[in-house]
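Asks: Can you keep this structure in mind? I'll have questions shortly.
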Amino acid sequence: MTGSVMNISWSECLRLILFLLQLTTVSTLERFEVLGPADPVVAVAGEDVVLPCYLKPNISAVDLSIQWLQLDSSNRLVHLYQDHEDRNENQIPSYRGRTSLFPEELRNGNTSLKVKNVKGSDNGEYKCLVQSAEWYDDYSINVQIKAIGTQPVISNEGYKEGGISLVCESKGWYPQPEVVWMDSEGHSLPAGHTETHTDSMDLFTVRRRVIVQETETNRFTCRVLQQQLNEIKETMTEIPGEMFHRAHPWKVTFAVIFSLAVVCIIGCTILIHRFVKLRRKRGVLMKQDGELMIQDDDCLNRLLSWYHSFYDDEPKAQRYAADVTLDPDTAHPQLVLSDDRKQVRYGDTRQDLPDNPERFTYWESVLGKEGFSSGRHYWEVEVGDKTDWTLGVVRESINRKGDFELNPNDGLWALRLGSGKYYWALADPPVSLHLSVKPRKVGVFVDYEEGEVSFYSVEDKSHIYTFTGYKFTEKLYPYFSPGFWYSRDNSAPLIISPVSHTD
């Protein structure tokens, strides 16, 4: 009796062990892991690409559900395999007819997706999701689309706004490239905003215009740069000098009139200057509101007032000296500021700085700490022998994170030096300035109520240029850009120097 009970117990125990082993085997077989590439998949636009995805262990995926999703899209569904067939009724429209699995490889656990005729919009993150009745797993793959565009084409649009208008165009890029106009020495020129369009392949066409003035070489280059791909394409054009002469038929007439006017002004100024010295000796001059006046002679006082406005304008501006310091929170990461916040230079490397809203991240610029919403303000900046710089003021709402036109339309009133000899007032269009003496220290004067921004050469007290006729409605901030460090000639900093008052 006891032996019979023992035989039954061992038999039941054996069946229980076999049942548990079967359950464990089935559970293990039903579980799987979805794997894919660790690095991004780089795809060339217009070609086919395979997004690798497979199961571990390499069990058959014929009876499983396979979903491919694009995580950057609102619809998301790229391809669906379910119940032994493709079910793409709700597929993203742009993928229609372009996706497929590898049916013969499903038995080996290969769930990779083939995408035909890749487009720019295919760029982004994808997910391979595989699911059974009891288990699922997924893997994310980053796809980077690459397309190198055409050689830039430069077109001459003829005379426009006092110069020659050139337009540069290049097609078939992804990601979107940058377009830069340069002079013969490789320094960037003030240009309009970059126009962008996309084609049927979602690739970028870029176009940018520039108005150029006559130079020593009249050679200009359009460079199209895609930094992520480390690709540069550029085209150079040369404009005959006679085209610039035809663009300014009034120059000869103006030169004659201007020469006569200069002779008259210089002659009158010398006479008045001698007259003032003579009157001072005779004791008939007095000072009123900081200016010399002649006792009991209204007519001569009006003449003397004109003399002050012409001959003594820059010392007047100096009376409104402002203590300007640089604001590190606005400085582009490539710029280096001195400890006293009075100097700025272009650094060797890009610094890791917080991307706060005030900081410039496109143009290599920095602003003054204090802004102006009224009154008159004057400061001086030592530029020395630098070959590239931009100085002026900007409105508070200037675009800190992207490209903006270098002119008052986008909130910049500035003077610029390029290639060590080309001076521009950044108006719309830019005004080419011909200075007989290279200024080593530049004075900037803002009259908020009058809507004027003026620039002076401090050493010879000469007027360079004035923006007039503007109505300021926002706070204005001093603007500084030390220029790129193309050579040691431009490695020196811009220095905000103390204003030296003169009588």
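Asks: Calculate the length of the line joining the C-alpha centroid of the stretch 347-420 to that of the stretch 91-168, in whole Å.
Replies: For the stretch 347-420 versus the stretch 91-168, the Cα centre distance is 38 Å.
Asks: Another one. Taking the Cβ of GLU231 as the center, what net charge do the other residues with Cβ under 15 Å away carry, scoring Lys and Arg +1 and Asp and Glu -1? Working shown, then result.
Replies: Numbers: positive: LYS146, LYS171, ARG223, LYS233; negative: GLU178, GLU234.
Once all neighbours under 15 Å are counted, the net charge is +2.
Asks: What list of ³J(HN,Hα) values in whole Hz, one per residue of the stretch 403-413 in order, does the Karplus curve 6.51 cos²θ - 1.76 cosθ + 1.60 (θ = phi - 60°) give from phi, with Gly and Pro shown as x?
Replies: Karplus values, whole Hz, x for Gly and Pro: 6, 9, 5, 7, 6, x, 4, 9, x, 10, 10.
Asks: Can you find, among SER112, THR150, ASN75, the residue farthest towards the positive end of the dipole of the stretch 37-196? Put +1 on the C-beta of Lys and Arg, -1 on that of Asp and Glu.
Replies: SER112
Asks: Taking the Cα centre of the stretch 98-234 as origin, sum charge times position over the Cβ atoms of Lys and Arg (+1) and Asp and Glu (-1), and report the length of that vector in debye to the nearest 20.
Replies: Charge dipole, the stretch 98-234, about its Cα centre: 320 debye, nearest 20.
Asks: Filter the chymotrypsin sites (Phe, Trp or Tyr not before Pro) in the stretch 337-444 down to the DSSP loop ones having no more than 13 other Cβ atoms within 10 Å, then list what survives.
Replies: Answer by residue number: TYR362.
Read the figures in this text as sums done on the coordinates, not as results from a lab. This one's a predicted model, so the numbers in the text were calculated from it and none came from an experiment. Note: ideal-geometry Cβ built from the backbone for every residue, glycine included; neighbour counts use all protein chains shown.
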